[in-house]
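Values quoted throughout were computed directly from the atomic coordinates according to the rules given, and no laboratory measurement underlies them. This structure is a prediction, so every number in the text was calculated from the model and none was measured. In this analysis, Cβ positions are derived from the backbone assuming ideal geometry, glycine residues included, and neighbour counts consider all displayed protein chains.
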Amino acid sequence: MAIELHSVSKTFGGTVTALTDVSFSVPTGTVCALLGHNGAGKTTVVKILSTLLRPTSGQAVVAGYDVVRQPGKVRASIGLTGQEVALDGSLTGRENLVLFARLRGMRRSEARMRADELIEQFQMQHAADRRVTTYSGGMRRRIDIAAALVDPPKVLFLDEPTTGLDPRSRRDVWALVSELCAQQITVLLTTQYLEEADVLSDSIVILDGGQIIASGTAEDLKRRVGLSYCEVTPVRPADLTRIFGVLADIEGAEASHESNTVSVPAHDGVATLIEVLRRVDQLGVELHDITLRKPSLDEVFLHLTPGTVSV
């Protein structure tokens with residue numbers, strides 16, 4: 001296992017509990033998504049695993065090294081990108097990479113060679129010699145992740161790496177993460193985007209109030225909820241309001257103008273589908289689609305976690 005936590009707890013000042021008895025493991029060369037509301041404990045986990053915080057109790061092991069007893073070896077085995085990009089805006093992308101390589105102990109020629117390799121790998125040749133202040137958010141994030149890979153790590157921590165990025169830049173980062181796994185780099189990803197976790201992760205751990213409330217693959221968690229949804233999509237978006245009107249009394253019914261759908265929890269499976277079809281048929285509206293589907297990861301998350309934000 002590349003990452004192992006055994007009954008890890010963390011308190012601040014003896015009064016504020018951030019983590020309670022957290023245990024999970026991540027196999028080598030896989031992506032684990034750590035999910036939870038703001039304040040659920042995700043960043044605390046990352047800080048403990050990257051030796052920035054000491055656990056109050058329990059044991060954490062990264063790349064075979066104990067984070068408390070062997071912090072130097074842990075740091076030599078990991079890469080980390082935080083929520084804020086850690087680059088010098090007055091330097092070019094290439095100069096930033098050379099700087100990080102030199103800080104890692106590489107000779108000047110070796111650092112330049114490694115920077116060139118990363119610039120090509122991350123497809124940043126067109127902007128490598130421009131100052132980082134001229135970069136878009138997506139470009140800054142690419143160089144930031146590249147900097148974490150200057151000395152290829154065994155484990156890479158990505159703490160909300162796509163926050164604030166546009167959809168295209170976000171998908172570029174997704175492609176980079178997938179490439180890292182192909183190189184047998186283990187990734188622990190914290191994210192606020194459930195679609196991101198669904199697309200990228202091999203496993204998911206959901207935290208709430210500093211405790212693990214669910215874990216498994218995305219498909220495992222969807223099956224665990226045990227609830228299907230009936231989704232209705234009209235041909236004419238103008239009919240969406242009318243459809244919602246005849247289904248609104250069904251608990252959990254929701255209309256999305258963005259996706260042009262009305263979604264209804266199918267507590268009775270096919271029987272719910274038949275009832276929805278009967279009601280909608282009486283309206284005489286033309287449908288593009290009506291289907292019974294599994295829950296999305298967003299719906300699983302909302303089902304498993306309360307609406308309140310934890311400390």
Original post:
Among (1) surrounded by fewer than 14 Cβ atoms within 10 Å (Cβ to Cβ); (2) of a type in the set (A, V, I, L, M); (3) touching a strand residue (DSSP E or B) at 6+ places or on another chain (Cβ under 6 Å), where does residue 67 come up short?
Top reply: (1)
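Can you name the residue in region 38-59 that is part of a helix (DSSP H, G or I) and of a type in the set (A, V, I, L, M, F, W, C) and, of all such residues, is surrounded by the most Cβ atoms within 10 Å (Cβ to Cβ)?
The extreme case among them is 45.
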Subject >> Count - residues of region 256-288 that are in a strand (DSSP E or B) and crowded, with 18+ Cβ neighbours inside 10 Å >> reply: 6
Subject >> In region 83-119, residue surrounded by the most Cβ atoms within 10 Å (Cβ to Cβ) [restricted to those that are of a type outside the set (A, V, I, L, M) and more than 16 Å from residue 151 (Cα to Cα)] >> reply: 93
Original post:
If you scan region 216-250, which residues turn out to be of a type in the set (Ser, Thr, Tyr) and within 14 Å of the chain's Cα centre (by Cα)?
Top reply: 217
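When you go through 245, 284, 216 one by one, which is the residue that is under 30 Å from residue 57 (Cβ atoms) and not acidic (Asp, Glu)?
Only one candidate passes the filter, namely 216.
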